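Report on the following structure.
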Amino acid sequence: MKFEHVSVLLDETVSGLCVKEDGTYVDGTLGGSGHAYKVCSQLGEHGRFVGIDQDEAAITTGHERLSEFGEKVSVVRSNYCNMKQVLQELGIEKVNGIVLDLGVSSYQLDTAERGFSYKEDGPLDMRMDKRQDKTAKDIVNTYSEAELYRMIRDYGEDKFAKNIAKHIVRMRQEKEFETTYELNEAIKAAIPMKVRKNTGHPSKKTFQAIRIELNRELEVLNDTLQDMIDLLDDKGRICIITFHSLEDRIVKSMFRKNENPCTCPPNFPVCMCGNKSKGKVITRKPILPSEEEMERNRRSKSAKLRIFERRI
């Protein structure tokens, strides 16, 4: 199956980058290469583009879709947490723009054997990088009830987290969980019928929690964001699309901290901490998809784009 993915907030993101013809740009979550293709098409002879993704299918698609741009493009299979190292190996010290689209791709959701979707029956996998040994099945079958509760509460923000964890532990004592539909049954049993009737799919939040835990999504974002801002050249921009509040909170907080890092008490007449601003938040409020985009692509509904510009 080809890596098909409709890029969310495509025009807004590429416009937010303010692409320069001779600039160097990085997409840390290459996916279906939608953002990448639009950026590359604006680069001149001396422009450079680096696409990074940990998903093998995304790398194959990236090579195919971006081949027309020749040697100005480098496609690398890695996690974006290794961006600094990847760029160093390519002889790049500073970049003019970075894109991160933190959503799960349509390809990953629609390919049942990847195990990301609660709407398709498939193995409990959910690995963004299939070279990784640990899968969703390992989490569901080996985490203690307390660990499952913590994960579903913190990463799924589900008020039924305690009951879901209890049902998972009880049901796996009879038979180990193997598939997404088996997990669906445990989650469904933990949520009252009247609640299920009036809300979305009961498994949505738990599946999100397991995926975040397995792929260390928040940890990677939190640990890498500062490095990415520091990789930007003067007037370089980083554009990040998030799909849930936990990611958005990290991005919003880190952008603000880099704009105003002063830790002095408000009543100090002069800054004594010595922390200097690294740039400016371009998006005071996140950019959201238009009504037209949300109608065209229902998966864009929860997307938020935030932009930060480096000042040296």
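Here L66 meets each of (1) touching a helix residue (DSSP H, G or I) at 6+ places or on another chain (Cβ under 9 Å); (2) touching a residue at least 40 places away in the same chain (Cβ under 8 Å) with one exception, condition (2).
All of I92, I98 fail the test of being in a strand (DSSP E or B) and in contact with a strand residue (DSSP E or B) (Cβ under 8 Å, 6 or more places away or on another chain), apart from I98. The number of residues in region 101-122 that are touching a strand residue (DSSP E or B) at 6+ places or on another chain (Cβ under 8 Å), farther than 29 Å from G47 by Cα and open to solvent by less than 20 Å² (accessible area, probe 1.4 Å) comes to 2.
Counting just the residues of region 5-28 that are of a type in the set (V, I, T) and within 21 Å of the chain's Cα centre (by Cα), which one comes out nearest to T61 (Cα to Cα)? Of everything passing the filter in region 5-28, V6 is nearest to T61 (Cα to Cα). Of everything in region 288-312 that's farther than 22 Å from S7 by Cβ and part of a loop (DSSP other than H, G, I, E, B), which residue is most open to solvent (accessible area, probe 1.4 Å)? Among residues in region 288-312 that are farther than 22 Å from S7 by Cβ and part of a loop (DSSP other than H, G, I, E, B), the one most open to solvent (accessible area, probe 1.4 Å) is I312. Applying the selection to region 29-66, what residues are among the polar types (S, T, N, Q), in a loop (DSSP other than H, G, I, E, B) and open to solvent by less than 20 Å² (accessible area, probe 1.4 Å)? S33, the sole residue that qualifies. When region 145-163 is filtered for residues that are under 16 Å from E213 (Cα atoms), touching a helix residue (DSSP H, G or I) at 6+ places or on another chain (Cβ under 7 Å) and either in a helix (DSSP H, G or I) or open to solvent by less than 10 Å² (accessible area, probe 1.4 Å) (or both), the ones remaining, listed by number, are E145, L148, Y149, M151, I152, R153, Y155, G156, A161. Only one of the listed residues (D133, D125) is open to solvent by 30 Å² or more (accessible area, probe 1.4 Å), closer than 30 Å to C81 by Cα, free of Cβ contacts under 8 Å to residues at least 24 places away in the same chain and outside any helix (DSSP H, G or I). That residue is D133.
The values are calculated or read from the model by the stated rules, or taken from the named source; none is laboratory data. Not measured: the values here are computed from a predicted model. No Cβ is skipped: glycine too gets one built from the backbone with ideal geometry, and neighbour counts run over all protein chains shown. We work out accessible area using only protein heavy atoms, side chains counted, and drop any ligands, DNA or RNA first. Shrake-Rupley method; radii C 1.70, N 1.55, O 1.52, S 1.80 Å.
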